[in-house]
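The values are calculated or read from the model by the stated rules, or taken from the named source; none is laboratory data. Not measured: the values here are computed from a predicted model. Cβ: placed from backbone, ideal geometry, glycine included. Neighbour counts: every protein chain shown.
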Amino acid sequence: MSRILPAVSVLVAVFATAIPWGLPAGATFIPPMVVMMMIFCWRALPGTVLPLSLAFVLGLLTDFMSGGPLGFWALMALVAAQTGGRAPSLAGGRAPNRLWLVWAGVAAGIGALSWLLGSLYVVQWLDPWPFAFGTLVSILIFPLLLRLLVVFTGGLPKPKFDRGSA
């Protein structure tokens, strides 16, 4: 697998946040959450490389493309990258359910932190629905995105069986 594939694929997702998708007002949180999910996945997949510094830069670019305050999505990208790097490994053919559960917690944390920081930024309580909806959608589509990224990497490493000494 190319070492550049994680960065390029996340960059494509970042540029996709700037496309006017025609999403309803309550769904505008979904595209940036997909970027965070990709950062998390690339950091969690064995044999892939996405440095924290690159995750931060991609987060800053997400801020710029989405029109948000600079540093907002960069902070969220660091959270996603750090937890993705410490997430349970899928090496050895392990089921992705634990990774999905970890993402659900990370997504809930990112959603809550985004709502809180956004509310502090505009100095009034924001409607939590767009944040909750984007978080929920990202949790629901996580298995699909993970499978897609695994296909791009050529599949997960096969388990190695040690026959041991007889």
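If only one of LEU113, LEU50 is out of contact with any Lys or Arg (no Cβ under 7 Å at 6 or more places or on another chain) and in contact (Cβ under 8 Å) with a residue 24 or more places away in the chain, which one is it?
After ruling out the rest, the residue left standing is LEU113.
Does region 2-25 hold any residues that are over 19 Å from PHE64 (Cβ atoms) and exposed (fewer than 13 other Cβ atoms within 10 Å of the Cβ), and which are they?
Listed by number, the residues that qualify are SER2, ARG3, ILE4, GLY22, PRO24, ALA25.
For region 26-67, name all the residues that are small (Gly, Ala, Ser), surrounded by fewer than 19 Cβ atoms within 10 Å (Cβ to Cβ) and modelled with pLDDT under 95.
Within region 26-67, GLY26, ALA27, GLY47, SER66, GLY67 qualify.
Regarding region 24-35, can at least one residue be identified that is without any contact (Cβ under 8 Å) to a residue 24 or more places away in the chain and out of contact with any helix residue (DSSP H, G or I) (no Cβ under 6 Å at 6 or more places or on another chain)?
yes
For MET38, are the conditions met, namely being in contact with a Gly (Cβ under 9 Å, 6 or more places away or on another chain) and under 21 Å from GLY105 (Cβ atoms)?
Spelling it out, it is not the case that MET38 is in contact with a Gly (Cβ under 9 Å, 6 or more places away or on another chain) and under 21 Å from GLY105 (Cβ atoms).
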